[in-house]
1. So which of 205, 225 is open to solvent by less than 60 Å² (accessible area, probe 1.4 Å), assigned to a helix (DSSP H, G or I) and closer than 25 Å to residue 367 by Cβ?
2. Here are 71, 76: which of them is surrounded by 21 or more Cβ atoms within 10 Å (Cβ to Cβ), at pLDDT 95 or above and outside the structural domain of residue 341 (by the TED database)?
3. What number goes with the only condition from (1) out of contact with any Pro (no Cβ under 6 Å at 6 or more places or on another chain); (2) not in a helix (DSSP H, G or I) that residue 52 does not pass?
4. Of the conditions (1) in contact with a Pro (Cβ under 9 Å, 6 or more places away or on another chain); (2) crowded, with 16+ Cβ neighbours inside 10 Å, residue 162 clears all except one; give me its number.
5. Tell me, please, whether a residue that is surrounded by 22 or more Cβ atoms within 10 Å (Cβ to Cβ), outside the structural domain of residue 61 (by the TED database), in contact with a Leu (Cβ under 8 Å, 6 or more places away or on another chain) and not in a loop (DSSP other than H, G, I, E, B) can be found in region 174-191.
Amino acid sequence: MKRSILALASGAFILGAAEFVMMGILPQTATAMHVSIPAAGHYISAYAIGVCVGTLILVFGRKVPPKHLIILFMAIALVGNTLSAVSFCSPMLLVARFISGLPHGAFFGTATLIAKTLADKGKEAQSVSMMVMGQTVANMLGVPAGTLLAEAMSWRLAFAILAAWALMTIVVVILWVPSIDPIKDAGIKGQFRFLTHPGPWLILLAVFFGNSGIFCWWSYVSPWLQKTGGWSATMVPILMVLAGLGMVVGGIVGGRLTDLWKAGATAALSHGIALCGLLLVFLLPGNHATTALLTFIIGFALFFNSSPQQLLMVQTGEGGGELIAGAAVQIAFNFGNAIGSIVGGAALTATAMNYHFTGIAGAPISLLAVILLVLYTRRYEARA
């Protein structure tokens, strides 16, 4: 089981790094593609839109064994990151980022099902959190490494390495991940039956609003650290490690707390922490200490809610909709990323690039996530 989770975590690492590395290399990419920083934020949005569209793979691949789906997703990641590495103009990079995002949501929906199936009873959330840890380690190590490569050599090298990593992951998935039966075939319509209930919508809307709020700030974290915190460009990779450490710790704590407490309440707590962090981004004048601390705290909150939300949705989809439900979390997550990036960019444009306003733009949106999850836990978990 441990080797299987490690193989899945390797896939999560690729997708996490491909998604988040753009935040660390945004200035270099904008310069190379001859676009502004807010316009370069569209590379983040293109990936997120790919995540949403890619879920269609699960609709038509519901009869395919989960292991084979994971291999397919890694093959698409290989193609997308290769194209990103060789992009010579902004439209090409937008298309490459879109392709890179296609397997993301479908992968996490499928990998969550496998991790849950292989887990010991009562430790399902911890198993899922170990799989998701690949994504958080990507933020702790992969994103800073990509940022360093962009500073020292070329931002293209980061995507080339991810393409090679995807190829390696295909091999370890073939060797280590056991074959489990496909989910119950409920038909195309039956896969979406869980969405006829209000509970899943409360979760998905909370994921969407929570991530929209955080990504108003996170999409522009690299220039924020430099302009507001006074950090040099060479220190940004180290601060990305700090953010990634927060994500790793948040993911572990979130998984353990979910198994001990209530998943919805754990997620609500996470979004509450993010809300406080965003308010402080706006209120504090900004220096080395405060910006470093906020980078850790908001990173912690971003993945604190990962395993509880992922597990909640897979449970709501039982009976044929597990994969779609698990993927729906990532759709909401990345749709929120796309909107957050756009809202944050608009706030910067409207305030003459005042990076404090990315926090106040995101705070009220994150508050909506807290309210939705409090409603969910009071209605559905209070009786449990």
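The values are calculated or read from the model by the stated rules, or taken from the named source; none is laboratory data. Bear in mind the structure is a predicted one, so any value in this text is a computation, not a measurement. As a convention, Cβ positions derive from the backbone with ideal geometry for all residues, glycine included, and neighbour counts pool all protein chains shown. Accessible surface is based on the protein model in full, side chains and every heavy atom, while ligands, DNA and RNA are left aside. Shrake-Rupley method; radii C 1.70, N 1.55, O 1.52, S 1.80 Å.
1. That would be 225, the only listed residue that is open to solvent by less than 60 Å² (accessible area, probe 1.4 Å), assigned to a helix (DSSP H, G or I) and closer than 25 Å to residue 367 by Cβ.
2. Details: 71 fails: surrounded by 21 or more Cβ atoms within 10 Å (Cβ to Cβ).
Unique residue meeting the criteria: 76.
3. Of everything listed in (1) out of contact with any Pro (no Cβ under 6 Å at 6 or more places or on another chain); (2) not in a helix (DSSP H, G or I), residue 52 misses just condition (2).
4. All conditions are met except number (1).
5. Yes, region 174-191 contains at least one residue that is surrounded by 22 or more Cβ atoms within 10 Å (Cβ to Cβ), outside the structural domain of residue 61 (by the TED database), in contact with a Leu (Cβ under 8 Å, 6 or more places away or on another chain) and not in a loop (DSSP other than H, G, I, E, B).
Yes or no, residue by residue, for (1) within 27 Å of residue 199 (Cβ to Cβ); (2) within 20 Å of the chain's Cα centre (by Cα); (3) among the polar types (S, T, N, Q):
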site	(1), (2), (3)
244	no, yes, no
248	no, yes, no
277	no, yes, no
283	no, no, no
288	no, no, no
320	yes, no, no
332	yes, yes, no
335	yes, yes, no
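Per-residue answers, yes or no, for (1) farther than 17 Å from residue 13 by Cα; (2) at pLDDT 90 or above:
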residue: 94; (1), (2): yes, yes
residue: 98; (1), (2): yes, yes
residue: 125; (1), (2): yes, no
residue: 129; (1), (2): no, no
residue: 137; (1), (2): no, no
residue: 141; (1), (2): no, no
residue: 171; (1), (2): no, yes
residue: 198; (1), (2): yes, yes
residue: 203; (1), (2): yes, yes
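Yes/no per residue for (1) assigned by the TED database to the domain that holds residue 191; (2) open to solvent by 10 Å² or more (accessible area, probe 1.4 Å); (3) of a type in the set (S, T, N, Q); (4) not in a helix (DSSP H, G or I):
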| site | (1), (2), (3), (4) |
| --- | --- |
| 64 | no, yes, no, yes |
| 82 | no, yes, yes, no |
| 98 | no, yes, no, no |
| 108 | no, no, no, no |
| 114 | no, no, no, no |
| 131 | no, no, no, no |
